[in-house]
Amino acid sequence: MTPSATPAYRRLSVEERRSQLLEAALSLFAHRAPEDVSLDDVAEAAGVSRPLVYRYFPGGKQQLYEAALRSAAEELQQCFAEPREGPLLPRLSRALDRYLSFVDEHDTGFSALLQGGSVVETSRTTAIVDGVRRSAAEHIYQHLGIADPGPRLRMTVRMWITAVEAASLIWLDEDKQPPVEELRDWLVEQFTAVLTVTAGRDPQTAALVGTLAGDGRD
């Protein structure tokens with residue numbers, strides 16, 4: 001009787017191993033505050049030894065956290081990368097669906113990220129988070145069809161992004177109530193509302209509000 005063949009062991013490439021460690025770290029940081037995650041935890045989640053984690057991240061937990069944060073930031077930045085097709089508000093709704101889905105899946109990590117105070121927080125991690133906000137604003141300007149937003153419009157959009165972050169944190173604190181679809185619709189209504197207020201002081205925003213009203217009649 002021929003013995004069954006043993007599956008050949010395949011050594012992971014450097015990039016594959018690094019991706020494996022990052023995925024394990026992200027899964028931990030998603031549901032635990034960064035200070036509550038150790039390199040031993042990451043090694044155990046990835047099924048490797050602690051020295052192997054250090055081999056790929058010689059800067060230790062700080063380097064691993066920043067790499068995981070960049071990976072999460074790239075995903076968040078893509079949330080607002082919606083094709084510029086059709087009316088604006090449905091596009092914004094789809095972008096918020098992706099954003100709130102990320103919040104839902106990375107609840108504790110999202111809270112720790114935005115509320116700050118982590119023992120691993122540095123100027124670099126703060127810059128990564130700020131980069132997500134700026135990227136979201138740039139995507140929104142593109143959706144609005146504005147290449148050169150004025151100061152009032154820029155302030156309005158960035159205020160709304162801050163409101164989305166705050167609402168997301170409160171939503172997590174409130175055990176994810178109201179239902180996410182209701183939260184999304186309310187945030188879209190908030191966007192229209194703040195634009196309408198700014199329109200009373202800014203001709204550029206007033207023109208946009210007129211366009212949005214036209215979209216609503218389509």
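The values are calculated or read from the model by the stated rules, or taken from the named source; none is laboratory data. What you see is a predicted model; the values in this text were computed from it and never measured. Don't worry about glycine lacking a Cβ; one is built from the backbone with ideal geometry, like all the others, and counts go over all protein chains shown. These area figures cover heavy atoms from the full protein model, side chains too; ligands, DNA and RNA do not enter into them. Shrake-Rupley method; radii C 1.70, N 1.55, O 1.52, S 1.80 Å.
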- prompt: Which whole-Hz couplings ³J(HN,Hα) result when phi for each residue of segment 86-102 is put into the Karplus expression 6.51 cos²θ - 1.76 cosθ + 1.60, θ = phi - 60°, listed in order with x for Gly and Pro?
  reply: x, x, 5, 4, x, 4, 5, 4, 5, 5, 5, 4, 5, 4, 5, 5, 4
task: Report the full-extension gain for the segment Glu35 to Leu172: residue separation times 0.36 nm, less the Cα-Cα distance, to one decimal in nm.
output: 47.4 nm
query: With Rg and the Kirkwood Rh both taken from Cα atoms, where does Rg over Rh land for the chain?
result: 1.10
query: Quick one, what does Rg over Rh come out to for segment 138-211 if you take C-alpha atoms and the Kirkwood Rh?
result: 1.03
message: Rounded, prolate or oblate for segment 16-58? Axes are the square roots of the Cα gyration tensor eigenvalues, ordered a ≥ b ≥ c, and the cut-off for rounded is a/c under 1.5.
response: prolate
query: Whose amide H sits under 5 Å from the amide H of His31, counting only residues 5 or more places off or on another chain, with H placed in the peptide plane?
result: Gly109
- prompt: If you keep only loop residues by DSSP, which GluC sites (Glu not before Pro) in segment 147-218 have at most 13 other Cβ atoms within 10 Å of their Cβ?
  reply: Glu174
- line: Scalar couplings 3J(HN,Hα) for segment 67-81 by Karplus 6.51 cos²θ - 1.76 cosθ + 1.60 (θ = phi - 60°), nearest whole Hz, x for Gly and Pro, are 5, 5, 5, 4, 4, 5, 5, 4, 5, 5, 4, 7, 4, 9, 7
- request: Please compute the Cα-Cα pair-distance distribution of segment 48-117 with 5 Å bins starting at 0, giving whole percents from short to long.
  value: 3, 14, 18, 17, 14, 14, 9, 5, 4, 2, 0
- prompt: Got a number for carbon plus sulfur as a percent of the chain's accessible area, 1.4 Å probe?
  reply: 52
- prompt: Based solely on its DSSP helices, what 222 nm [θ] is calculated for the chain when runs of n ≥ 4 H residues each add -39,500 (n - 2.57) and the sum is averaged over all residues, nearest 500 deg cm²/dmol?
  reply: -23500 deg cm²/dmol
